[in-house]
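The numbers here are math on the coordinates, done by the rules we state, and not lab data. What you are looking at is a predicted structure, and each value in this text was computed from that prediction instead of being measured. Cβ atoms come from the backbone with ideal geometry, glycine included; neighbour counts cover every protein chain shown.
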Amino acid sequence: MVAGCFESSECFAHFREHFLIRNTLMPSVGSITPVILAAGDSVRMGFPKALLPMESDCFLTWILKASQNAGLGHPTVVLGKTAEDILPHIREWKINILINREPERGQLSSLQLALSSMSAESVAAMIWPVDQPLVPVNLIDNLVRRFLDSNALIAYPVYGERRGHPAIFHRDLFGEFMEAPLEEGPKQIILRHQADTVTLPTDEPGTVYDFDTPSDYEAAFGKKLDSVIAEKQTS
């Protein structure tokens, strides 16, 4: 499904109707909805990050497959101004596709759009930026298990002393995300709920490695991005 841009009044009305009552469902792996944030303009990369090649996949389909293999719920993908380039690559996927018409307002605007569209069956959201695909499925499994076993509101991996992705947020926090100032982002929400947070220490650098420039791609894969794209286009 492809939805239109974020309209705050409609989203808040939908949110208050469906989400302000505390959720009483028993959490399960399938009740955690992956939210893949792919609305950025990728200016420094010079190529849509969602479509960056990764073996026989692109970043976006790689993450979708990882989510599927982990048994997570029906994914939501938020796209931006490069949506027309990305949509042909994901038409076969049964996912909820949303378009953020103003991605320059920041990543939180995409997250608010995603949360406003979630069904009542979604007990939690797993937030996964598309430029951080190097996360193995077994880490997702362990993170989900820690979240479910702990009855926490937040769970995320920690690499060294750095907070990583993806991160899981219980729907009891969705209201705080919807009301947070766009310039603030989720940081203050995480700080407010440290007592209700569990972490997963890991030695997986992919949890903190994001791709911003072609040199980041070359450092990770040992190949120049231009060469890889040219090879894909001729194959």
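Site pair THR234 and ASN69 shows an inter-label distance of 3.0 nm when each label is modelled 7 Å from Cα along Cα→Cβ. Just the projected area, averaged over all directions, of the convex hull on the alpha carbon atoms of the chain: how many nm²? Average of the hull's projected areas for the chain equals 12.4 nm².
Mind checking the angle between helix 225-234 and the chain's longest principal axis? C-alpha axes, 0 to 90 degrees, to the nearest 10. Value to nearest ten degrees: 80. Counting neighbouring Cβ atoms within 10 Å and putting the fewest first, the residues PHE221, PHE169 line up as PHE221, PHE169. Ordering PHE147, PHE211 from the fewest to the most neighbouring beta carbons within 10 Å gives PHE211, PHE147.
Each of ASP212 and LYS224 was given a label point 7 Å from its Cα along the Cα-to-Cβ line. The distance between the two points is 2.3 nm. Kirkwood radius for the range 104-181, taken over all pairs of different Cα atoms as the inverse mean of 1/r, rounds to 13.5 Å.
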